[in-house]
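Scroll down for the structure; my scribbles are underneath it.
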Amino acid sequence: MMLMFLFVGEVVAGIYAFARRNYIEDRFSACMKDAYQSQYMDPEFKHVTEAWDTFQDRFDCCGVDDPLDYLTNNKINAAPKSCGGTKADAVGRQPCFKVIKREVLDNFYMIGGAAIGIAFIQIFAMVLNGLVLRTFHKREEYE
């Protein structure tokens, strides 16, 4: 029963995410902006700074919607090292939200295929579970 509830929950979450994809995209962008403008380079939020630096280094991007988003953060005096270290280097990079969106869309079929594969495994497990329960109940009838 738990596997069936999990499966139904996953299907409902997938349908909800698809139906509300524009809202989710806007909300994700707003959360990224908030973290970048208020928590990036703040000593209280070292984990946020490390995560942003790692992401900006790995994907060669800077900021959220604009490479110069760091200018709206009053804790940053110059372009972050992960953005190249100078304003000119930062301007030459893509915005990070655009990069995330492209990465998700480029890997959409892989993500969808993995989700469908997991769904088939869960359905197979539910069928096997039903067969085991049926066998168990038939065995009880004979005892």
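The values are calculated or read from the model by the stated rules, or taken from the named source; none is laboratory data. Just so we're clear, the structure is a prediction, and the values are computed from it rather than from any experiment. Every residue, glycine as well, gets a Cβ built from its backbone with ideal geometry; the counts of neighbours run over all protein chains shown. When the accessible area is computed, the model is the full protein with side chains, heavy atoms only, and any ligands, DNA or RNA have been set aside. Shrake-Rupley method; radii C 1.70, N 1.55, O 1.52, S 1.80 Å.
Against the numbered list (1) at pLDDT below 90; (2) of a type in the set (S, T, N, Q); (3) open to solvent by less than 80 Å² (accessible area, probe 1.4 Å), T49 comes up short only at (1). Within the stretch 67-88, restricting attention to residues that are of a type in the set (D, E, K, R) and more than 16 Å from F55 (Cβ to Cβ), the residue that is most open to solvent (accessible area, probe 1.4 Å) is K87. Within the stretch 90-113, the set of residues being part of a helix (DSSP H, G or I), at pLDDT 85 or above and open to solvent by less than 70 Å² (accessible area, probe 1.4 Å) comprises A90, C96, F97, V99, I100, E103.
Against the test of being touching a strand residue (DSSP E or B) at 6+ places or on another chain (Cβ under 6 Å), of a type outside the set (S, T, Y) and within 18 Å of A35 (Cβ to Cβ), the options V99, V48 yield a single qualifying residue, V99. Of all residues in the stretch 87-143, those being within 30 Å of V64 (Cα to Cα) and of a type in the set (A, V, I, L, M) number 11.
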